[in-house]
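Every number in this text was worked out from the coordinates using simple rules, so none of it is lab data. None of these values were measured; they are calculated from a predicted model. Don't worry about glycine lacking a Cβ; one is built from the backbone with ideal geometry, like all the others, and counts go over all protein chains shown.
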Amino acid sequence: MTIKKIGLLGAGTMGQGIAWAFAAAGKEVILYDIKQEFCDRALNAIGKSLEKSEQKGRVPAGTKAAVVSKIIPTGKFEDLADADFIVECVFENMDVKKDVYTRLDALLKPEVIISTNTSSLPITEIAAFTKRADKVVGMHFFNPANVMKLVEVIPCLQTSEATLDVVTALSAEIGKTPVRVKEGPGFVVNRILVPAINEGSQILYENLATAADIDTAMKLGAGWPMGPLELCDLVGADIALAVMNTLYGETGDPKYRPSTLLKQQVRAGWLGRKTGKGFFQY
Ligand code: CAA
């Protein structure tokens with residue numbers, strides 16, 4: 001199966017990075033969001049970032065033009081109709097997913113695989129919204145998705161082996177390393193990483209160290225590229241909280257209970273880089 005055209009739903013932080021990753025690998029990307037301006041903004045951000053990289057000589061001249069020209073922003077759902085493969089990264093809410101999957105199922109060619117980048121919702125339930133549940137699969141990227149090499153490939157109960165093979169090959173084709181993980185809350189990375197972010201938040205809540213010192217401790221004491229609080233600001237406190245709620249809700253294990261401060265940050269709208277304030281100011 002040749003996959004040339006990727007239909008990407010959701011132009012938020014992850015959608016932006018994933019669009020960039022596919023476009024950089026030469027794929028055409030139809031980037032859809034409910035408002036065209038969200039897609040334009042994402043494309044603009046990609047362009048600016050690549051411009052800087054070109055100026056610094058980190059990427060060859062012409063990379064920006066090549067990548068940006070591969071991404072077609074749209075606010076029209078029907079523009080996804082001739083996609084060969086879908087990556088869905090819309091809002092992490094089951095009602096929103098239900099609406100999107102029902103419409104996608106009706107719109108797409110029957111052979112098209114729909115992958116979801118969800119990090120907190122059960123893929124088995126998402127797949128059941130469609131009549132092609134064997135072609136629904138988790139394809140979990142990591143932030144920043146244009147940089148991080150891992151893709152978790154997650155079969156849900158209904159996913160076929162053929163679908164898994166396609167997603168695994170496609171991940172490798174765009175320069176990522178796929179790992180196969182059975183469907184379980186948090187998969188591998190988030191099950192380990194997000195509780196660590198949560199613990200960083202709780203340590204701050206208990207006033208045991210400053211935010212900067214918590215991060216310095218993990219960078220210099222454990223070799224992390226970023227401290228847990230800076231990482232939370234990159235990922236988004238809302239996403240981190242959604243993952244903690246999934247881990248807690250699905251397992252019932254109190255070791256996963258979300259930190260009070262993390263909940264407060266979300267209530268305050270201090271989500272991190274995307275809102276200009278999180279544990280740190282941007
Ligand atoms: N967006 C886009 N590109 C970015 C970026 C961002 N926010 N931050 C850095 N980059 C790019 C730079 O442009 C640079 O690319 P080029 O070399 O091609 O120009 C590259 O990343 C390296 O950048 P730097 O050398 O300036 O930065 P660094 O060495 O400090 O590395 C990092 C930055 C890769 C983000 C590194 O700090 C890191 O690995 N951090 C941890 C990230 C992580 O854990 N991600 C997983 C989060 S969990 C998740 O995403 C899943 C979920 O569902 C919650």
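How tilted is helix 211-222 with respect to the longest principal axis of the chain? Cα atoms for both, answer in degrees (0 to 90, nearest 10). That helix lies at roughly 80 degrees to the long axis.
With runs of 4+ DSSP H residues as the only contributors, calculate the mean residue ellipticity of the chain at 222 nm using -39,500 (n - 2.57) per run, divided by the residue total and rounded to the nearest 500.
Working: 11 runs with 132 residues, N = 282.
For the chain, the value works out to -14500 deg cm²/dmol.
Distance between the C-alpha centres of the range 80-100 and the range 236-272: 24 Å, rounded to the whole angstrom. Overall, the range 5-180 carries a charge dipole of about 540 debye about its Cα centre when +1 sits on the Cβ of Lys and Arg and -1 on the Cβ of Asp and Glu, all other atoms neutral. Anisotropy class assigned to the range 81-166 is rounded, per the alpha carbon gyration tensor with a/c under the 1.5 cut-off.
If packing is taken as the average number of other Cβ atoms within 10 Å across a peptide's residues, how do 52-59, 9-16 rank, most packed first? Walk me through the numbers before you get to the answer.
Values: 52-59: 12.0, 9-16: 24.5.
In decreasing order of mean packing, 52-59, 9-16 become 9-16, 52-59.
Rounded to the nearest 5, the antiparallel percentage of DSSP beta bridges internal to the range 135-207 is 50%. If a/c stays under 1.5 just call it rounded; otherwise compare a/b with b/c (prolate if a/b is bigger, oblate if not). Do that for the range 190-268, with a ≥ b ≥ c from the square roots of the Cα gyration tensor eigenvalues. Here the range 190-268 falls in the prolate category.
Sort 194-206, 253-265 for me by packing, meaning the mean count of neighbouring Cβ atoms within 10 Å per residue, highest on top. Display every interim value, and only then the final one.
Working: 194-206: 20.7, 253-265: 16.4.
Ranking the peptides 194-206, 253-265 by packing returns 194-206, 253-265.
Which shape class applies to the chain: rounded if a/c is under 1.5, otherwise prolate when a/b exceeds b/c and oblate if not, where a ≥ b ≥ c are the square roots of the Cα gyration tensor eigenvalues? Show your work: numbers first, answer last.
Numbers: a/c = 1.79, a/b = 1.27, b/c = 1.40.
Oblate is the answer for the chain, as a/c is 1.5 or above yet b/c matches or exceeds a/b.
Sorting the segments 32-45, 107-120 by their residues' average number of neighbouring beta-carbon atoms within 10 angstrom, most packed first, yields 107-120, 32-45.
Considering only the other residues whose Cβ falls under 12 Å of the Cβ of residue 173, what net charge follows from Lys and Arg at +1 and Asp and Glu at -1?
Values: positive: 4, 27, 176; negative: none.
Counting the neighbours of residue 173, the net charge comes to +3.
For residue 279, the shell of other residues with beta-carbons less than 11 Å away shows a net charge of -1, using +1 for Lys and Arg and -1 for Asp and Glu. Between helix 161-173 and the chain there is an angle of about 70 degrees, using the helix long axis and the longest principal axis of the Cα atoms. Rounded to the nearest 10 degrees, the angle from helix 94-107 to the longest Cα principal axis of the chain is 10 degrees.
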